[in-house]
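See structure below.
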Amino acid sequence: MRRLVLLGLLGLGVNGCLIEPPDDGGTEPQEQPLCPELVIEDLSHSDRDAALSTATSALSSSSDAQPMLVRFRKQTGMRSAAALRQREDKVRKLGARLKHHWPSLDTVAASLTAEEQARLSQDPDVLSISPDRPVHALGLAPRVPALLAAVAPASEYTWSVQMTQANEVWDPNGDGVLDTGAPNGSGITVCVIDSGIDPEHPELKAAYAGGKDFIDGDDNPEDKDATGKWGGGHGTHVAGTILAQLGSGGQVDLNDTSLSPNGMVGVAPGARLLVARVLDERGDGRTSNVIAALQWCGEQGAKVVSLSLGSSQDDETEKEAFQASWDAGVLAIAASGNGGKLSPYAPIYPAAYPSVVAVGAVTEELKHADYSQGGEHLSVVAPGSNVYSTFPRGSSPFANVVAGGTFYASRALDYVPFEEYEGTLVDCGLGAGLRSCLGASATCEGFVAYVDRGDIQFNEKVKNVRSQGARAVIVGNNDPADDKALGFTLRYPAAWPPVTAVTTTTAAVLRTQFGKTVRVGIRGGDYAYNSGTSMATPHVSAVAALVWSANTGLTNADVRRILESTAKDLYDAESPDSTPGKDIVYGHGLVQAKAAVEQALRERK
């Protein structure tokens, strides 16, 4: 399935490894489309740029007022209710909108104009006025998975779960059943501060115990925009890694035979899930909501707080909030950041605060992920590249091609709609002209176009055959070296029909099916692959839950010490910054659930 952020049409383009033929020219100018009503119009540059960019962020304001944090001087002695109200009144009397007030932090969050800021700064009780800084999700642009053939029986135990040793804790005999009495996170509440989730996802709904939406101001933390469309799925992906339920699978990509039809299982499937939504559907949020969510998680009894978000700037109020949470016994675990290629050791906050466990990422080959940021503050690393986990139901696109009653593995191209069409398969050659589709079935009433790769760009092929009546398109690959990825692209959003690509082997078979009925469609799956320190962080949060469920007498400091002391030391001789023992590349090393739980059990009193 494609790892995509869905913003109406499917995806913002496939990155990096995209394959497209050179532009050798287009159609002859004298040719006119046979089906003018089906012509796919090019978007104007302004419209295209708007479609490719994320919409104007809800973080921006239409007024001159800006979100700010106002810190007051510490009060000594008793904090009377009247004194606390007096601080709120100072802000309100300016005409400002008060968002949050944290008496314990001597801080309020409010929207203030420049004039209001200037007036408030004259108050001797005001210590500082600073921006309510933006925070962002720390997942990377999703990538296209390879078309995989199973080399072993498909299992819910993903490579990342197995790398953390989690399945060796709650299923040591490997029979696919949670062992009675084995630590599985039971009794421990993990609070995910993120973009919200799909609370009805079959892998999550049994563990979901409640939430709060700090974006919309309600108790339903769904990852949806104002129109009800699913957002990027970041929080749902994170939550699944922590506690997706064994044997509770949703819809998987039928093209990938390496996937279990039962989906996947999380690292701590017995844990209890709370969700605080602080990021919008684009993955953007504000510091004030992170602080409010952190306090809410603690009030709801969470032992572990997982944050796959951050900012490159620190914030004194936020730092105090995380220290207060630590002092209250909560263990906060956060992503170290994805700017490793440009700023490999620059700190990202809250991960870099002393009271927070900072998590970096490694690949399936146990190598340092080049995007993963490190530094002296880095605690441990965990699987972060191409991690398979839950996604909002029906939002992860996969192709469905059936010819002659046989299903053929294929790959959906980007920007295509969730639609299915059944019709006669027509040979359209290279799709290089407006008369390229052959035979009596090529009419404006509709058909399925088969085009071979080559000569012109894929978007031109699709536009050409669409103008001849095609309601769906199959692209046949011509280079076996690209059969594994099929990373083809339409390049930009438009009113595309369903378009899917097939391997050289399948292409040869489909060429024998011309004139026969074929079904082509794009369906929605419930799982996706994604990469980033965002994906590494929930592995560590879940292992912390396993450790705590094995020994509930441990403190948050004990759990952190155990996670770090039992981590598998990693050393890369090719990296000048990697050394045996703790280093700035891997921290203490790879988190190891089995070793950590065994240590926790040894420390039982």
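Selection within the range 68-88: residues that are modelled with pLDDT under 85, of a type outside the set (A, V, I, L, M) and in a loop (DSSP other than H, G, I, E, B). The member of this set that is most open to solvent (accessible area, probe 1.4 Å) is Thr76. Restricting to the range 361-393, and then to whatever is over 14 Å from the mean Cα position of the chain (by Cα) and under 14 Å from Lys341 (Cβ atoms), can you tell me which residue is most open to solvent (accessible area, probe 1.4 Å)? Selected residue: Asp370.
This table checks each residue for (1) open to solvent by 40 Å² or more (accessible area, probe 1.4 Å); (2) assigned to a strand (DSSP E or B).
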{"position": "Val426", "(1), (2)": "no, yes"}
{"position": "Gly431", "(1), (2)": "no, no"}
{"position": "Leu434", "(1), (2)": "no, no"}
{"position": "Glu445", "(1), (2)": "yes, no"}
{"position": "Ala449", "(1), (2)": "no, yes"}
{"position": "Asn459", "(1), (2)": "no, no"}
{"position": "Val465", "(1), (2)": "no, no"}
{"position": "Ala472", "(1), (2)": "no, yes"}
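Quick check: anything in the range 173-184 among the acidic types (Asp, Glu), within 18 Å of the chain's Cα centre (by Cα) and at pLDDT 95 or above?
Within the range 173-184 (the criterion being among the acidic types (Asp, Glu), within 18 Å of the chain's Cα centre (by Cα) and at pLDDT 95 or above), the answer is no, since none of the residues qualifies.
Can you tell which of Ala573, Ala567, Ala595 is among the hydrophobic types (A, V, I, L, M, F, W, C), surrounded by fewer than 17 Cβ atoms within 10 Å (Cβ to Cβ) and at negative phi?
Ala573
Selection over the range 285-318 of residues that are under 24 Å from Thr241 (Cα atoms) and either in contact with a Lys or Arg (Cβ under 6 Å, 6 or more places away or on another chain) or of a type in the set (Phe, Trp, Tyr) (or both) gives a count of 2. With respect to the conditions (1) surrounded by fewer than 19 Cβ atoms within 10 Å (Cβ to Cβ); (2) at pLDDT below 95, Ser396 falls short on a single one, namely (1). For the residues Ala292, Ala334, the requirement of being in contact with a Leu (Cβ under 9 Å, 6 or more places away or on another chain) and over 13 Å from Gly196 (Cα atoms) singles out Ala334. Thr241 meets the stated requirement of being closer than 23 Å to Asp171 by Cβ, in contact (Cβ under 8 Å) with a residue 60 or more places away in the chain and either open to solvent by 40 Å² or more (accessible area, probe 1.4 Å) or of a type in the set (Val, Ile, Thr) (or both). Is there a residue being over 30 Å from Asp327 (Cβ atoms), in contact with a Lys or Arg (Cβ under 6 Å, 6 or more places away or on another chain), in a loop (DSSP other than H, G, I, E, B) and open to solvent by less than 10 Å² (accessible area, probe 1.4 Å) anywhere in the range 180-199? Checked the range 180-199: at least one residue is over 30 Å from Asp327 (Cβ atoms), in contact with a Lys or Arg (Cβ under 6 Å, 6 or more places away or on another chain), in a loop (DSSP other than H, G, I, E, B) and open to solvent by less than 10 Å² (accessible area, probe 1.4 Å).
Which ones in the range 495-515 are touching a strand residue (DSSP E or B) at 6+ places or on another chain (Cβ under 6 Å) and open to solvent by 10 Å² or more (accessible area, probe 1.4 Å)? Within the range 495-515, Thr506, Gln513, Phe514 meet the criteria. For the range 294-328, a residue qualifies if it is outside any helix (DSSP H, G or I), open to solvent by 10 Å² or more (accessible area, probe 1.4 Å), within 25 Å of Asp219 (Cβ to Cβ) and of a type in the set (Gly, Ala, Ser), and the qualifying residues are Gly301, Ala328.
The values are calculated or read from the model by the stated rules, or taken from the named source; none is laboratory data. Bear in mind the structure is a predicted one, so any value in this text is a computation, not a measurement. Because the Cβ atoms are built from the backbone with ideal geometry, glycine has one as well, and the counts that use them run over all protein chains shown. Note: areas computed on protein heavy atoms with side chains; ligands, DNA, RNA excluded. Shrake-Rupley method; radii C 1.70, N 1.55, O 1.52, S 1.80 Å.
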